[in-house]
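A.B. asks: Once you've had a glance at the structure underneath, I'll fire off some questions.
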Amino acid sequence: MAVNVVGVVGIVIFYILILAIGIWAAFRKKKGSQNRLANDDNGGETENVILAGRSLGLFVGVMTMTATWVGGGYINGTSESTFTSGLVQVQAPWGYALSLTLGGLLFAEKMRSRNYVTMLDPFQEKYGSCVGGLMYIPALLGEIFWSSAILAALGASISVVIDLDNTTAITVSAVIAVSYTFFGGLYSVAYTDVVQLICIFIGLWLTIPFAITDTAVSNIRTTKQKWLGEWDNRYTGVWLDSALLLIFGGIPWQVYFQRVLACKTSKQAKYLSFSASFGCIVMAIPAFLIGAIATATDWSETSYTGHLNGTLPEKDASRVLPLVLQYLTPPAVAFIGLGAVSAAVMSSADSSILSASSMFARNVYKLILRPKATEREIIWVVRLSVFGVGAVATVMALQIQSIYALWYLCSDLVYAVLFPQLCCVIYVKDVNTYGALIGYVIALILRIGGGEVTIGLDPFIKYPYYSNEKKEQLFPFRTLAMLCSFFAIVFVSYFVKFLFNSAYLSKKYDVFRCFSNEHEQETREVAHRNNKENVKLVAVTRI
């Protein structure tokens, strides 16, 4: 097995750098939190861990917010899609940038001003712990698919550098990422994200002039038609569906709201979102250029032996970025580029895995399963959750080879199920549990009914323009599922309210007690918001 010693050294150095910064930040956080908690009688230790004590500065906040989206899946996926489909199909950079802008406009101030701890808090405040906890399912699946994209990208980079098979590379990468997550807490994640973003920016831009001037690369203008792509009117509905999915499906994420809720003020939370939106666009430019360079490369003139008559085979599409870094740049540049990309991807993984684990420990285990759970018990719940999420994400990364496909999957259920629920719980005052449940079920049926080729799920609903030949939906059914869910939540909520308040239905049939004791409902909402016992996840500080 051929080993690129320079590349391996680069990865090891950057791993050590990220790990050292994570440990330093964790130590700094622990020392600072001890000083704060000495004068705090309100049980704010959870906020010190999950939300950095709500003291996240604007600079670090913008850097960690940008880095959260600009991970391995983002840059590797952008290069992959540019190479395979052209710029016309590269939607994620501007789609996620718009999602951050809309998140800042519509949700950041409202969520921060209400002092929530996680994204699921408003649901459990409104609907109760159990029904609100159902929202964890799409949130969890989204985080798993997101983590899978990150691990797949990291595996692709490592497999190119040291010539390991993809399975081994992804598995080893997962072990590293999960182990690093044990240093948990937003302090560690935020400070490693700052280094991550700097490494990506310098590493990728340093690569461009060397790669584009390599003797194996012709003028990228000659392959303009390939890297720009062609518009196919048959797929207009699919394109619009995917675009809306990325824009609105990029909002209801704990990794996003974790940073929003960690800001010092609600105004800062909004400005943080706007700034990160701009950062996402800027960071996608070098990744796009690398994809374009790959289209203009005669790979037979490089030392890469896996090409087919000078072009990259389909199986190498997800490895475009590391292949360009490895074979079209000098060893010293590959040292910086490959090491930086790999370290950046690893640093992104902890955000997603910790996010899913924190929501489970707080919103499911603590509030639903074991309200009286001890702090030591929560320690093991979070630790086991970290391993569980990491394990499932690893399996997904091994099963689905396209990083870009994982990107879309991670937002699918979040868009169809969670986005309309979030809009309603924040903006529609009189929505209730009945509407939320009906909307939830409708979204699941319509979305799952459309099937999913990338995971081998056959459709049982064939929407208009269904292609029997390719077995794919050409109708924007994801957006249909989202809209139907939204209107169902609102309509059912108001209809049920009318039935009970007009005495068409006796309040003894109000099984969720939405109307039988409205004062009790209001008291529950206030209690949920102020009950500090529910947020005591001190255990996480030791992770």
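A.B. asks: Considering only the range 277-285, I want to know if a residue exists there that is free of Cβ contacts under 8 Å to residues at least 40 places away in the same chain and either in contact with a Lys or Arg (Cβ under 6 Å, 6 or more places away or on another chain) or small (Gly, Ala, Ser) (or both).
C.D. replies: Within the range 277-285, not a single residue is free of Cβ contacts under 8 Å to residues at least 40 places away in the same chain and either in contact with a Lys or Arg (Cβ under 6 Å, 6 or more places away or on another chain) or small (Gly, Ala, Ser) (or both).
A.B. asks: What's the number of the only condition in (1) of a type in the set (S, T, N, Q); (2) modelled with pLDDT of 75 or more; (3) closer than 27 Å to ALA25 by Cα; (4) out of contact with any Gly (no Cβ under 8 Å at 6 or more places or on another chain) that GLN399 fails to meet?
C.D. replies: In the conditions (1) of a type in the set (S, T, N, Q); (2) modelled with pLDDT of 75 or more; (3) closer than 27 Å to ALA25 by Cα; (4) out of contact with any Gly (no Cβ under 8 Å at 6 or more places or on another chain), GLN399 misses (3) alone.
A.B. asks: Do we have LYS508 as in a helix (DSSP H, G or I), at pLDDT 90 or above, among the charged types (D, E, K, R) and surrounded by fewer than 19 Cβ atoms within 10 Å (Cβ to Cβ) here?
C.D. replies: Criteria not met by LYS508.
A.B. asks: May I pose another question? Here is a check on your reading of the model: is ILE50 more than 21 Å from the chain's Cα centre (by Cα) and at pLDDT below 80?
C.D. replies: no
A.B. asks: Follow-up question, since we're still on this one. From the residues in the range 421-470 that are touching an Asp or Glu at 6+ places or on another chain (Cβ under 8 Å) and part of a loop (DSSP other than H, G, I, E, B), which one is surrounded by the most Cβ atoms within 10 Å (Cβ to Cβ)? If you could, list the steps in order and put the result at the bottom.
C.D. replies: Initial filter on the range 421-470 (touching an Asp or Glu at 6+ places or on another chain (Cβ under 8 Å)): 447, 451-453, 466.
With part of a loop (DSSP other than H, G, I, E, B) added as a condition, the list becomes 451, 466.
Values: GLY451: 20, TYR466: 18.
That would be GLY451.
A.B. asks: Please go through the range 226-265 and pick out each residue that is surrounded by fewer than 18 Cβ atoms within 10 Å (Cβ to Cβ), at pLDDT below 90 and assigned to a helix (DSSP H, G or I).
C.D. replies: Across the range 226-265, the qualifying residues are ASN233, ARG234, TYR235, THR236.
A.B. asks: Continuing with this model, one more query. Which residue, of TYR404, TYR408, TYR365, is aromatic (Phe, Trp, Tyr) and either touching a Leu at 6+ places or on another chain (Cβ under 6 Å) or modelled with pLDDT of 85 or more (or both)?
C.D. replies: TYR365
A.B. asks: With respect to TYR271, is the statement that it is in a helix (DSSP H, G or I), among the hydroxyl-bearing types (Ser, Thr, Tyr) and at pLDDT below 95 true?
C.D. replies: Criteria met by TYR271.
The values are calculated or read from the model by the stated rules, or taken from the named source; none is laboratory data. Every value quoted in this text rests on a predicted model; they were computed, and no experiment measured them. Every residue, glycine among them, receives a Cβ derived from its backbone with ideal geometry; neighbour counts consider all protein chains shown.
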